[in-house]
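Undergrad: One structure is given below, represented as structure tokens, and several questions about it will come after.
Each reported figure results from applying straightforward, stated rules to the coordinates on display, with no laboratory input. Everything numeric in this text was worked out from a predicted model, so none of it was measured. All Cβ positions, glycine included, derive from the backbone under ideal geometry; neighbour counts span all protein chains shown.
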Amino acid sequence: MSRTIIVSNRLPVTVLKKHQHIEYKTSEGGLATGLGSVYKQGSNRWIGWPGIYLEEESDQLQVAADLQADHMHPVFLSKTEIKEFYEGFSNETLWPTFHYFLQYAIYDQKMWETYRRVNQKFCNEVMKIAKPGDTIWIHDYQLLLLPQMLRENLPDSSIGFFQHIPFPSYEVFRLLPWREELLNGMLGADLLGFHTYDDARHFLSSVSRIVGYNNQQGLIDTGKRTVMVDAFPMGIDYDKYAEVAESEETLKREQTYRKAIHDQKIILSIDRLDYSKGIPQRLEAFELFLQQHPEFNEKVSLLMIVVPSRDQVGKYKELKEEVDELVGRINGTYGNMNWRPINYFYRSFPLESLSAFYRMADVGLVTPMRDGMNLVAKEYIASKTDQKGVLILSEMAGASRELSDAILINPNDQNQLVNALYKALTMPEEEQQFHMEQMQELVKRYNINHWVNLFMDRLSYIKIKQLSMSTA
Ligand code: GDG
């Protein structure tokens, strides 16, 4: 019987080793929830790194056995692989390049070679499980070479690939010394999915200029196979966010938090600590807002949740210092004994707290410089069960293509952001509800299950099309 195998850099679980004792923390992230219905069925599997360096073989064996019971298969990485494949090539070469932060990109041959080796390692692990005819769905930029590596071993399998981050324009992508190998790696898939049509268009343009394959309406003829390229905007588990927002635990937390901030209006931002998320730029715009609108002193505060991320990578350490300094300066300049303009937390919170923050927020402020999709914007909408609240959203986030009822801004335009904040904070309730309702309908309909089903259906479709073309 054919099975479906999901492959991503990270498994939907984190392994922790505390005092010689192994513990497991399952991920509640959107991808884990959405794909839960797939990898937990029958003999399906999820293959990926469990997020920890385990030196001893006995630990590795134990983890592999424990995870197998939950339909997961671990790929263990050495310290060098974590440094050069994950922190290095994935997050210091591909991540900055694909997010247009070229000044941060490092081009290092050794890191590239480790990247290729680790992709081969993932391929070997998949081959321990996969059989001809299986469906394999690979996720994200850490595994760009894997589709072709698997294709060589499994010529007839259905291989899908989804990229969660942007795909840059040809003029940016061509800067990578390994551009051709990367594209050929991706082209091993039958279906390549991106969040937006622009990402798909950029990919098709790079394929045509670098590899020389043209396409017709997203179908690339490689001479051997037809590869389909399309946009699949990822959704969230809408019902889960709407339900948690109404749960007793969330309401209790909301009450406690509201007491602490009195009757101030709340502007909320939630992101991983990442330069692509535009955190310093957002802080500077908020400072300008305080300067230009003293009538809001003591009446509004920015609740800023920053989740630690990639803290071993140099640029992330620098960014943390920059954010700390800016928050200190703004609070020091504008705050008083009764009022702290920015409530800043550098840690993660349980879902019920997050949900209480979403409920309390008069304004959801999502201002990335560049973002594949941005699920926080969609979670804010799903949590607004009373339909009050305004979303300010960067045009540079994939989510802006769908959420045209948000106040859309260019995150580089400080004045526009200041005006958007003023507009959001003074918007009549009826108008808020009108826009929120429109966005809720869309986010509810195009939810995570819709996304998974659409991708899987399209993958079967292209496979059938290939077969009919080869027999015609
Ligand atoms: C990549 C792409 C694309 C955040 N803080 C807490 C917490 N979170 C959760 C949010 C949300 C997720 O983390 C962040 O997702 P985003 O989509 O905003 O951003 P990335 O992490 O950069 O994800 C992005 C995504 O992949 C999917 O394709 O949209 O563009 O960069 O779900 O809720 N969750 C909890 N506590 C926190 O403190 N529990």
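Undergrad: Counting other Cβ atoms within 10 Å, keep those with at most 12, restrict to DSSP loop, and tell me which GluC sites (Glu not before Pro) in the stretch 32-94 are left.
TA: Answer by residue number: E55, E56.
Undergrad: Tell me the net charge near R310. Cut-off is 11 Å between Cβ atoms, R310 excluded, with +1 for each Lys or Arg and -1 for each Asp or Glu.
TA: So the environment of R310 carries a net charge of 0.
Undergrad: Pick out, in residue order, every one of the trypsin sites (Lys or Arg not before Pro) in the stretch 291-377 that is DSSP loop and has at most 16 other C-beta atoms within 10 Å; say none if there are none.
TA: Loop-located and lightly packed - K299, R347.
Undergrad: How large is the Kirkwood hydrodynamic radius of the stretch 117-245, in angstrom, based on all distinct alpha carbon pairs?
TA: Taking the inverse mean of 1/r over all distinct Cα pairs, the stretch 117-245 comes out at 15.4 Å.
Undergrad: How compact is the stretch 10-134 by the rule of thumb for globular proteins, expressed as Cα Rg over 2.2 N^0.38 Å?
TA: 1.16
Undergrad: Report, largest value first, the span of the C-alpha coordinates of the chain along each principal axis, in whole Å.
TA: So the three principal-axis extents are 70, 55, 42 Å.
Undergrad: Using the Kirkwood radius over Cα pairs, work out the Stokes-Einstein diffusion coefficient for the stretch 242-331 at 37 °C and 0.692 mPa s, in µm²/s as a whole number.
TA: Calculated translational D: 218 µm²/s.
Undergrad: Here is a further query. Evaluate the Debye formula for the stretch 191-286 with equal point scatterers sitting on the alpha carbons, no solvent, and hand back log10 of I(q)/I(0) at q = 0.13, 0.26 Å⁻¹, in q order, two decimals.
TA: At q = 0.13, 0.26 Å⁻¹ the computed log10 ratios are -0.76, -1.22.
Undergrad: Taking Rh as the Kirkwood radius computed over C-alpha pairs, what is the Stokes-Einstein D of the stretch 366-439 at 37 °C in a medium of viscosity 0.692 mPa s, expressed in µm² per second?
TA: 267
Undergrad: Suppose we keep just the alpha-carbon trace of the stretch 168-223; what are its Rg and Dmax in angstrom?
TA: Rg, Dmax (Cα atoms, Å): 10.5, 28.
Undergrad: Related question: Give the residue list of GluC sites (Glu not before Pro) in the stretch 307-392 that are DSSP loop and have at most 13 other beta-carbon atoms within 10 angstrom.
TA: Passing sites in the stretch 307-392 do not exist.
Undergrad: Counting pairs of alpha carbon atoms under 8 Å apart in space and at least six apart in sequence, what relative contact order in percent does the stretch 363-472 give?
TA: Reported as a whole number, the value is 25 percent.
Undergrad: Relative to the first principal axis of the alpha-carbon coordinates of the chain, what is the inclination of helix 30-39, with its axis defined by its Cα atoms, in degrees from 0 to 90 and to the nearest 10?
TA: 30
Undergrad: Would you work out the Kirkwood radius for the stretch 72-148? I mean one over the mean of 1/r across all pairs of different Cα atoms, in Å.
TA: 13.3
Undergrad: For K463, go through the lysines and keep the ones whose alpha-carbon is under 21 Å away, minus same-chain ones fewer than eight residues off.
TA: Of all the lysines, those that pass the test against K463 - Cα under 21 Å, at least 8 places apart if same chain - are K131, K224.
Undergrad: Binning at 5 Å from 0, report for the stretch 315-472 what percent of all alpha-carbon pair distances ends up in each bin.
TA: 1, 8, 12, 15, 19, 15, 10, 7, 4, 3, 3, 2, 1, 0, 0, 0
Undergrad: Output the Cα-based Rg and Dmax of the stretch 255-387 in Å, rounding Rg to one decimal and Dmax to a whole number.
TA: Both quantities, over Cα of the stretch 255-387: 14.6, 42 Å.
Undergrad: Counting only other residues whose beta carbon sits under 14 Å from that of A399, what net charge do I get with K and R as +1, D and E as -1?
TA: Every neighbour counted, the sum reads -4.
Undergrad: Can you show me the helix-derived [θ] at 222 nm for the chain, built from DSSP H runs with n ≥ 4 at -39,500 (n - 2.57) apiece and divided by the number of residues, rounded to the nearest 500.
TA: -13500 deg cm²/dmol
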